[in-house]
Amino acid sequence: MEIVICDDDPNQRDYIRVCFEISATNNHFSEFELGSDALDYLKQNSTDLIFLDMGLPDISGIEVLKQLRTYTDAPVIVVSGNDTTESVAQALTIGADDYVTKPFEPIELMARVEAVIRRSSDQRVERSVFSMDRIVLDFSRRQATVDGENVELNLTEWDVLKALLHEAGGVVEYQDLKELAWGTSEVSDAAVHMAIRRLRQKLNEEPSDQESEGLIRAHRGIGYSINIQ
């Protein structure tokens, strides 16, 4: 794989590389201390995976993430010493695909990497474009629009939508949704609810629409369904 590491700590960059070496995988790494340099590189080059630190010396990791999502949908794993709920939620909402807190063990990092890569290369939905009133979802290009305006969805959010579309019009139970979208049943119900809440916010669905007329419908104690044409 082509992997980009953006972290101003050389020891941390070395540690990430060692994690891959332990797993005996063959990869090429491009490393950057500054967020601006990583952004310049990624505007000109494609990559399979990005590791991003939040505490960069020139611009914040959040700003780097915002700019990245304007021109690449490559999976981004945030690696940060900040484990507050607010920091994690902000990164995931803006477009990170996973969030790993320092320090971490190689086995944990590689498990996260495998999950993210598996989700990013998961099978495509048979129909590539779905629409409902103001919302258009183009899975082939991973583009979502609401009232003609682009909306940035992260990998987890696309996977949730794909999982719901497996049973378009029917209810996807919590257990099935976890397996389809996250690849494991170990995900908490709270994480599922948070992902749905973020999707509704990004798709600009009013609270009054969430239970009945919205794109994503909740079925208390059972799961969720999607209403799409």
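Need the full-extension length gain, A89 to M194, defined as separation in residues times 0.36 nm minus the C-alpha distance. One decimal, nm. Mind showing how you got there, number by number?
On the way: separation 105, 0.36 × 105 = 37.80 nm, distance 0.91 nm.
In short, 36.9 nm is gained.
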Are there chymotrypsin sites (Phe, Trp or Tyr not before Pro) in the range 34-120 that DSSP marks as loop and that have at most 11 other Cβ atoms within 10 Å, and which are they?
Y71
What whole-number value in Å² describes the accessible area per residue of the chain for a 1.4 Å probe?
50
Give the carbon-plus-sulfur fraction of the accessible surface of the chain in %, rounded to a whole number; probe 1.4 Å, heavy atoms of protein chains only.
45
With Cα atoms, 0 to 90° folded angle of helix 85-94 axis to the chain main axis
80
Taking Cα atoms, the helix 189-202 axis meets the longest principal axis of the chain at an angle in degrees (rounded to 10) of 80
Computed, not fitted: 222 nm per-residue ellipticity of the chain from DSSP H runs ≥ 4 (each -39500 (n - 2.57)), nearest 500, equal to -12000 deg cm²/dmol
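The values are calculated or read from the model by the stated rules, or taken from the named source; none is laboratory data. The model shown is predicted, which means the values in this text are computed figures rather than measured ones. Cβ sites come from the backbone with ideal geometry, for glycine too, and all protein chains shown count toward neighbours. Each accessible area value is taken on the protein alone, full model and side chains, heavy atoms only, with ligands, DNA and RNA left out. Shrake-Rupley method; radii C 1.70, N 1.55, O 1.52, S 1.80 Å.
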